[in-house]
Amino acid sequence: MKFNFAKHILSIVCSVFDAYSSVLILPTEDGQKHYLAASFSLGDSIPQGSVIVPGKGLAGWIIHNRQPLLVDNFDQHQNNLGYYRENADEQIKAFMGFPVPSGGAICVDSKRQYSFSEKDCKILQMFAELVGGIEQPRESETEGDSARYFAELGMIQDLRLQFRRWPEFLRNYLRIIARATRFDYCAFATLQEEGDTYCLESESAPILLSR
């Protein structure tokens, strides 16, 4: 994924969650290492391209365990985020991260305690799946197409304010994603606790759930 493209998505992520920083961590082509592929931050303490060690720091924990993580009262004396320069995350009070399906993780943090909720984690999951499904913009994509794409994604922030209930937010989110990607249909499914079945939660147009 091209850096500017990924950074633009991370800027939208930061805006949606009113976060201080957001980062995208991806594996190298051979899958042997993970590195900081892109970031968007209100500060300048995140070194671009640094290696993220699986299991080290909160971001490394997500990569190692392939599980989401929500910390609403972060104590930097007990742990670290794993992507800031040494001791640069001492003012961070909340953290949230989700594994990217194709490998790596997308993370956000805040200087305010209790900034993120379980609902926010579900929304971050959508961004993780979106990032995982996009390697880079198509070569044939014009500048106008890119502007339209990001304009559609920018509407997600307004959705968070307009629709407080999860089902309404999800339905309208899927409609935006379908328009942005020019697909006729988009659905959101979650993996059940047993890990062997999926549950379809919502869709951009009534096809499967209407039956």
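FYI, it's all coordinate maths here, none of it is from the lab. Fair warning: this is a prediction, and the values are worked out from it, not measured in the lab. Cβ placement follows ideal geometry from the backbone for every residue including glycine, while neighbour counts extend to all protein chains displayed.
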Want the number for residue 181 to residue 18: 0.36 nm per residue separation, take away the alpha-carbon distance, what's left? 56.2 nm
Roughly how many whole Å is it from the C-alpha centroid of segment 188-205 to that of segment 80-122? 25
Lysine pairs in the chain 8 or more apart or on different chains: how many have alpha carbons under 27 angstrom apart? 20
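Note down, for the chain, the three equivalent ellipsoid semi-axes (square root of 5 times each alpha carbon gyration tensor eigenvalue), biggest first, whole angstrom. Intermediate values should be presented prior to the final figure.
Working: eigenvalues 149, 79, 61 Å².
For the chain, the semi-axes come out at 27, 20, 18 Å.
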Distance (nanometres) between label positions extended 7 Å along Cα→Cβ at residue 33 and residue 64: 1.9
Residues other than residue 98 with Cβ under 11 Å of its Cβ, Lys/Arg counted +1 and Asp/Glu -1, net out at 0
Note down the nm distance, to one decimal, between modelled labels 7 Å out along Cα→Cβ at residue 166 and at residue 72. 1.4
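Across segment 160-211, how large is the tail of the calculated P(r) beyond 13 Å, expressed as a percent of all Cα pairs?
Values: 804 of 1326 pairs.
In whole percent, the long-distance tail amounts to 61.
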I need to check one value: relative contact order of the chain, counting alpha carbon pairs closer than 8 Å and at least 6 residues apart, in percent. 16
What longest region of the chain stays clear of chymotrypsin sites (Phe, Trp or Tyr not before Pro) that DSSP places outside H, G, I, E and B and that have at most 16 other Cβ atoms within 10 Å? 1-113
